[in-house]
Amino acid sequence: MKSPFVAPAWIALASLVGLVSALLGDGPYDVVSWVVFSGLIAVFVRAWIRRDRR
Amino acid sequence: MQRSAIKTWFVIHKWTSLVCTLFLLLLCLTGLPLIFGHEIEHLSGAEPELAPAPAGAPLRDLDEQVRTALKRYPGNVPLFVGWDPEAPTMYVNTGARVDTPPPAMQTVLLNTLTGEQVPAPQFNEGVMYFLLRLHTDLFLGLPGLLFMGAMGLLFVAALVSGLVLYGPFMRKQRFGTLRTGRSRRLAWLDLHNVLGVVTLGWALVVGLTGAINTLAKPLEQAWQSEQLGEFAAAYAGQPRPTRLSSLQDAVATARAAEPDMRPAFVSFPGTGYSGDHHYGVFMQGNTPLTERMYRPVLIDAQTGALTARPQLPTYMTVLLLSQPLHFGDYGSLPLKILWALLDIMTIIVLVSGLYLWFKRGSTATRVAEIERAQTQELA
């Protein structure tokens, strides 16, 4: 099984991109930021939908 | 991971979290409306909606604007003037003395074209100001700020130790595992882990930049004494000027010195931002990044001559960059909404952490649980 830290590393990297992107400019830079943070929230929503209720 | 290492990280995570959780809850709860401060003030009428000024429309003379403001508060002195980049308004902060602290300042909002006073509440009154003070310094001034900064650093330590413990917990699980059908404690533990890791990067940056922001006052003072002190040395022994040169001309000089920038605000002599003998005209760029990277232009307040355009030291640049990264106000309304959702997720991480602590067993039991999770599924 792969390291449990792979996903957190990707998430941290994506967060950094999202945080910095909107600082660099408007328009497309803002959109990158919105997409990244929406993606993070989608990760949790997906985990919740696929939760193990057994 | 070895038992001794697990125990060390568990104890770090437990105590750093416990000490800061209540304050972090306060920060997250008060931060939520503050994210939408601008929108709330517009909706509540506290920030008047004015149509943008027509391009090229002549602006009223700045010295006249200051005189208008001082008529509203006779006996006061001007402290700062600043512009709203999105509306034809400017504020003039006044106070009884040049070193009046922000809570005691009196502000007049003026139309930049006509000089009419725009009805608006004081920035240091009302619910939003109350929430801001609760969020930043608990109404305790610098000690409160530094205390909240320490809580921010503990939060960062809690995040790092939480990430270290996430490893053994998740070694035998796929990412995003949420087991809600077994014990209630396991469901909260999985929720804590999933939400904690999803918000990790964001929370680290917001926590760290929040802690940096609490150092604003000492950093500004250091900048004053180090860098501005150099320019003040030429005026050693001279009293602060009582008759000031034209503000309008000072801003025009600064504009000419930095033609690609626009003035954000001006500090008057003695206010702590530009020494005792200068106007500090703080210029800003036009992008989300450069509009935070102020470039001070120091104008001799007696002669109106340009004295210097000092580069901000690195620590001031770090401080100015920390502000948007903490407030989330640089990517329009959608980013603010996402910021608020991440804030709510952080609140759930904190509450789930508290639940897990209330349902705790001994440290030995918890360490054994983490050890077990490395080799088999938790029930």
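Some points to look at:
- Of all the criteria given as (1) of a type in the set (G, A, S); (2) closer than 30 Å to B:L34 by Cα; (3) crowded, with 22+ Cβ neighbours inside 10 Å; (4) away from chain A (no Cβ under 14 Å), the one not satisfied by B:G207 is (4).
- Condition check for B:L333: touching a His at 6+ places or on another chain (Cβ under 9 Å) and touching a residue at least 24 places away in the same chain (Cβ under 8 Å): no
- Of all the criteria given as (1) closer than 18 Å to B:L350 by Cβ; (2) in contact (Cβ under 8 Å) with a residue 40 or more places away in the chain; (3) facing chain A (nearest Cβ under 10 Å), the one not satisfied by B:H192 is (3).
- Looking at the range B:175-283, the helices (runs of 4 or more DSSP H) lying wholly inside it that each contain 3 or more residues that are out of contact with any Asp or Glu (no Cβ under 6 Å at 6 or more places or on another chain) and within 27 Å of B:D61 (Cβ to Cβ) sit at B:247-257.
- Matching residues, the range B:248-305, being buried (at least 17 other Cβ atoms within 10 Å of the Cβ), over 19 Å from B:T317 (Cα atoms) and among the β-branched types (V, I, T): B:V251, B:T253, B:T271, B:I299
- Filtered by the rule that a residue be of a type outside the set (A, V, I, L, M) and surrounded by 14 or more Cβ atoms within 10 Å (Cβ to Cβ), the range B:23-60 gives B:F23, B:C28, B:T30, B:G31, B:P33, B:F36, B:G37, B:H38, B:E41, B:E47, B:P48, B:R60.
- Every residue from the range B:260-272 that is under 14 Å from B:A250 (Cβ atoms) and touching a helix residue (DSSP H, G or I) at 6+ places or on another chain (Cβ under 9 Å): B:P263, B:V266, B:F268
- Checked against the criterion of being hydroxyl-bearing (S, T, Y), within 11 Å of chain A (Cβ to nearest Cβ) and surrounded by fewer than 19 Cβ atoms within 10 Å (Cβ to Cβ), the range B:180-189 contains one or more residues that satisfy it.
- Of the residues contained in the range B:155-169, none is found to be more than 14 Å from chain A (Cβ to nearest Cβ), more than 30 Å from B:V367 (Cβ to Cβ), surrounded by fewer than 20 Cβ atoms within 10 Å (Cβ to Cβ) and among the small types (G, A, S).
- In summary, B:L18 fulfils each of the numbered conditions (1) more than 28 Å from the chain's Cα centre (by Cα); (2) surrounded by fewer than 15 Cβ atoms within 10 Å (Cβ to Cβ) with the single exception of condition (1).
- Subset tally (residues that are under 23 Å from the mean Cα position of the chain (by Cα) and either surrounded by 20 or more Cβ atoms within 10 Å (Cβ to Cβ) or assigned to a loop (DSSP other than H, G, I, E, B) (or both)) for the range B:73-88: 7
- So B:V92, is it under 28 Å from B:P269 (Cβ atoms), touching a residue at least 60 places away in the same chain (Cβ under 8 Å) and hydrophobic (A, V, I, L, M, F, W, C): no
- Single residue of B:G126, B:G95, B:G115 found to be touching an Asp or Glu at 6+ places or on another chain (Cβ under 7 Å) and either modelled with pLDDT of 95 or more or of a type in the set (G, A, S) (or both): B:G115
- The condition of being surrounded by 13 or more Cβ atoms within 10 Å (Cβ to Cβ) and either under 19 Å from B:L195 (Cβ atoms) or aliphatic (A, V, I, L, M) (or both) holds for only one of A:I11, A:I49, that being A:I11.
- Residue selected from the range B:292-344 under the condition among the hydroxyl-bearing types (S, T, Y) and either within 15 Å of the chain's Cα centre (by Cα) or more than 17 Å from A:V35 (Cα to Cα) (or both), by the criterion nearest to the other protein chains (Cβ to nearest Cβ): B:Y330
- Pair list, Cβ under 6 Å, 6 or more apart: the range A:4-27 residue facing chain B (nearest Cβ under 7 Å), other residue of a type in the set (F, W, Y): A:A7/B:F175; A:S15/B:W202; A:A22/A:Y29; A:A22/B:Y330; A:L23/B:Y330
- Residue selected from the range B:170-179 under the condition charged (D, E, K, R) and farther than 17 Å from B:V367 by Cα, by the criterion farthest from the other protein chains (Cβ to nearest Cβ): B:R174
- Qualifying residue in the range B:312-320 (condition: modelled with pLDDT under 95 and within 23 Å of B:T89 (Cα to Cα)): no
- Taking the criterion of being more than 22 Å from B:A236 (Cβ to Cβ) and of a type in the set (A, V, I, L, M, F, W, C), the residues of the range B:266-296 that qualify are B:V266, B:V281, B:F282, B:M283, B:L289, B:M293.
The values are calculated or read from the model by the stated rules, or taken from the named source; none is laboratory data. Predicted model, so just to flag it, every value in this text is computed and none were measured. A quick note on method: Cβ atoms are made from the backbone with ideal geometry, for glycine too, and the neighbour counts reach across all protein chains shown.
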